[in-house]
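The values are calculated or read from the model by the stated rules, or taken from the named source; none is laboratory data. None of these values were measured; they are calculated from a predicted model. Because the Cβ atoms are built from the backbone with ideal geometry, glycine has one as well, and the counts that use them run over all protein chains shown.
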Amino acid sequence: MADRLAPDSPDGAAAPRKPVPGPGDPGVTRRTFLRRAVLGAGTLLVVGTAALGYRAYDEGVFSAGDGAAFDPWRTWQDQGGPVGMVAAGILAANPHNTQPWRFRVRASQIDVYADPARNLGAADPLRRELYVGLGCALENLVLAGEAGGYRSAVVLMPDPRDPAHVARVTLTRGAPRASRLHEAIPDRHTDRAAFRSGRAVPPAGLEEMARLADGLPGTRLVWFADEAGRRRVGDLLIAATDAFIADEAQSKAAFAWFRQDWDHFMRVRDGVNVDTAGLSDLTTSLAKILPRQSRNAGDRAWRDATRDTQVATAAAYGVVTVPDARSNAARLAGGRLLERVHLWAAANGLALQHMNQVTERADRERQLGIRPRFGAAAAGLIDGRDGQWLAAFRIGYPTGDARRGPRRGTDAVIVA
């Protein structure tokens with residue numbers, strides 16, 4: 001989903017995480033208070049002048065994760081019924097925090113629509129990531145319904161004449177059914193920082209995540225957890241990042257969602273910024289205070305982070321596969337599986353980051369009709385019996401707290 005400098009998904013301090021089954025200690029996350037105290041002290045040492053001090057204030061150095069733009073993360077359970085289900089849906093992973101969804105809500109029915117204006121253009125040329133993100137939102141919505149006493153009958157792509165109408169959810173009342181996945185919704189954030197080196201995810205955890213595909217026919221989760229598999233996927237991700245950057249249209253399309261003005265970021269409540277880049281507190285504050293970053297500088301920083309931090313510390317890679325990655329219905333189903341895995345990771349002390357460079361380049365190759373370098377490489381990594389590569393991610397143990405990003409509220413996404 002959002003793979004560049006921020007999130008598909010955005011992110012802030014989570015509650016202490018539960019350990020995944022296996023030996024060793026998953027680590028203790030820093031408390032928000034301590035993090036801000038260190039940030040404040042470090043920033044004061046750096047700023048030094050009243051002018052820079054004001055810029056630090058104006059650019060939100062001390063406000064990451066605060067304010068009305070972040071309220072949906074805190075108030076998502078304040079509304080019951082179908083509207084409360086939408087409140088959970090909008091917290092789902094999605095590409096570059098574009099939040100490409102709209103909802104029509106009735107007492108016994110929710111219709112989910114794509115917002116065609118919220119697409120990534122050349123960065124997602126065949127709209128693969130848009131539909132995967134909508135599948136993630138659909139999964140959160142269904143989980144919230146179960147916890148609130150609703151059973152959901154889901155029909156994907158209910159109107160063949162309208163590709164924007166992605167799902168119809170018919171609701172009936174039943175007994176509430178809570179789940180760990182539902183409880184993890186506010187703790188799910190994309191983590192772009194380094195993962196703990198040398199700490200493997202236990203095989204039992206990988207197997208349990210693979211079983212999350214149950215009930216989603218045709219979807220599968222394929223793991224690359226051994227050293228050889230990680231190297232093959234990691235090398236391909238680095239090469240795809242370089243190819244993405246070299247494609248000016250893709251680079252510009254992604255950079256268009258990078259928000260460098262804090263007031264604008266808080267007003268539009270979408271896109272990505274430096275807060276979710278996986279940087280240290282001090283580096284993040286400096287990046288906000290210093291002059292704004294050019295697209296080329298942003299591309300270089302993304303490439304370096306991909307190679308030196310994200311690929312270098314991945315404990316494993318997961319690939320969601322479906323029978324036909326061009327089918328919007330299959331993309332939605334794969335998105336539901338991806339969100340389940342993300343929520344399971346959050347509930348079990350693991351960190352996760354979507355890594356979409358390979359499929360972004362594969363789809364761009366198809367769009368331009370050029371040699372399928374990355375399309376062929378992706379297919380070569382997946383046994384044809386496992387289906388087609390839809391979406392990928394890295395997983396591991398966190399070294400800190402991922403920050404959350406802003407969300408538009410239910411009032412902005414529910415249509416009449």
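Go through the residues of segment 226-246 one by one and say whether even a single one is closer than 27 Å to ALA376 by Cβ and not in a helix (DSSP H, G or I).
Yes, segment 226-246 contains a residue that is closer than 27 Å to ALA376 by Cβ and not in a helix (DSSP H, G or I).
Please work out if TRP302 is closer than 30 Å to GLY387 by Cβ, assigned to a helix (DSSP H, G or I) and over 15 Å from the mean Cα position of the chain (by Cα).
Taking the combined requirement at face value, the residue satisfies it.
At least 2 residues that are in contact with a strand residue (DSSP E or B) (Cβ under 6 Å, 6 or more places away or on another chain) and either closer than 20 Å to ARG404 by Cα or modelled with pLDDT under 95 (or both) in each: list the helices (runs of 4 or more DSSP H) lying fully within segment 118-218 that qualify.
By residue number, 128-147.
I'd like the residue in segment 155-177 that is of a type in the set (Val, Ile, Thr) and in contact with a Ser or Thr (Cβ under 8 Å, 6 or more places away or on another chain) and, out of all such residues, is farthest from ALA93 (Cα to Cα).
Looking at the filtered set, the residue picked out is THR172.
Can ARG232 be described as closer than 26 Å to GLY400 by Cα, touching a Phe, Trp or Tyr at 6+ places or on another chain (Cβ under 8 Å) and of a type in the set (D, E, K, R)?
It is false that ARG232 is closer than 26 Å to GLY400 by Cα, touching a Phe, Trp or Tyr at 6+ places or on another chain (Cβ under 8 Å) and of a type in the set (D, E, K, R).
Can you tell me how many residues in segment 389-415 are among the polar types (S, T, N, Q) and in contact with a helix residue (DSSP H, G or I) (Cβ under 7 Å, 6 or more places away or on another chain)?
1
Limited to segment 109-150, what total is found for residues that are surrounded by fewer than 21 Cβ atoms within 10 Å (Cβ to Cβ) and under 19 Å from HIS342 (Cα atoms)?
Qualifying residue count, segment 109-150: 2.
What number of residues within segment 247-278 are in a loop (DSSP other than H, G, I, E, B) and either among the hydrophobic types (A, V, I, L, M, F, W, C) or under 15 Å from the mean Cα position of the chain (by Cα) (or both)?
Summing the residues that are in a loop (DSSP other than H, G, I, E, B) and either among the hydrophobic types (A, V, I, L, M, F, W, C) or under 15 Å from the mean Cα position of the chain (by Cα) (or both) in segment 247-278 gives 7.
Within segment 381-416, can you find the residues that are part of a helix (DSSP H, G or I) and under 17 Å from VAL320 (Cα atoms)?
Selection gives LEU381, GLY384, ARG385, ASP386.
Can you name every residue in segment 376-401 that is farther than 16 Å from TYR131 by Cα and surrounded by 20 or more Cβ atoms within 10 Å (Cβ to Cβ)?
Of everything in segment 376-401, those that are farther than 16 Å from TYR131 by Cα and surrounded by 20 or more Cβ atoms within 10 Å (Cβ to Cβ) turn out to be ALA378, GLY387, PHE393, ARG394, ILE395, GLY396, TYR397, PRO398, ASP401.
Hey, among ARG404, ARG331, which residue is modelled with pLDDT under 95 and buried (at least 22 other Cβ atoms within 10 Å of the Cβ)?
Result: ARG404 is the single residue among ARG404, ARG331 that is modelled with pLDDT under 95 and buried (at least 22 other Cβ atoms within 10 Å of the Cβ).
Being in contact (Cβ under 8 Å) with a residue 60 or more places away in the chain, among the charged types (D, E, K, R) and assigned to a helix (DSSP H, G or I) is the filter here, so list the residues in segment 308-336 that pass it.
Matches in segment 308-336: ARG331, ARG336.
Do we find that GLY81 is surrounded by fewer than 20 Cβ atoms within 10 Å (Cβ to Cβ), farther than 30 Å from GLY369 by Cα and touching a Gly at 6+ places or on another chain (Cβ under 8 Å) in this structure?
In short, yes.
In this structure, does GLY349 turn out to be free of Cβ contacts under 8 Å to residues at least 60 places away in the same chain, of a type in the set (Gly, Ala, Ser) and either out of contact with any His (no Cβ under 6 Å at 6 or more places or on another chain) or part of a helix (DSSP H, G or I) (or both)?
no
Which count do you get for residues in segment 273-321 that are farther than 23 Å from THR399 by Cβ, in contact with a strand residue (DSSP E or B) (Cβ under 6 Å, 6 or more places away or on another chain) and polar (S, T, N, Q)?
1
Is segment 91-108 home to any residue that is surrounded by fewer than 22 Cβ atoms within 10 Å (Cβ to Cβ), touching a helix residue (DSSP H, G or I) at 6+ places or on another chain (Cβ under 6 Å) and free of Cβ contacts under 8 Å to residues at least 40 places away in the same chain?
Within segment 91-108 (the criterion being surrounded by fewer than 22 Cβ atoms within 10 Å (Cβ to Cβ), touching a helix residue (DSSP H, G or I) at 6+ places or on another chain (Cβ under 6 Å) and free of Cβ contacts under 8 Å to residues at least 40 places away in the same chain), the answer is no, since none of the residues qualifies.
What is the one condition in (1) in a helix (DSSP H, G or I); (2) over 14 Å from the mean Cα position of the chain (by Cα); (3) under 26 Å from ASP187 (Cβ atoms) that ALA378 does not satisfy?
(3)
If GLY205 passes every condition in (1) without any contact (Cβ under 8 Å) to a residue 60 or more places away in the chain; (2) over 28 Å from ARG269 (Cβ atoms); (3) surrounded by 14 or more Cβ atoms within 10 Å (Cβ to Cβ) but one, which one does it miss?
(1)
Would you be able to say whether some residue in segment 241-249 is surrounded by fewer than 17 Cβ atoms within 10 Å (Cβ to Cβ) and over 29 Å from ALA117 (Cα atoms)?
No: zero hits.
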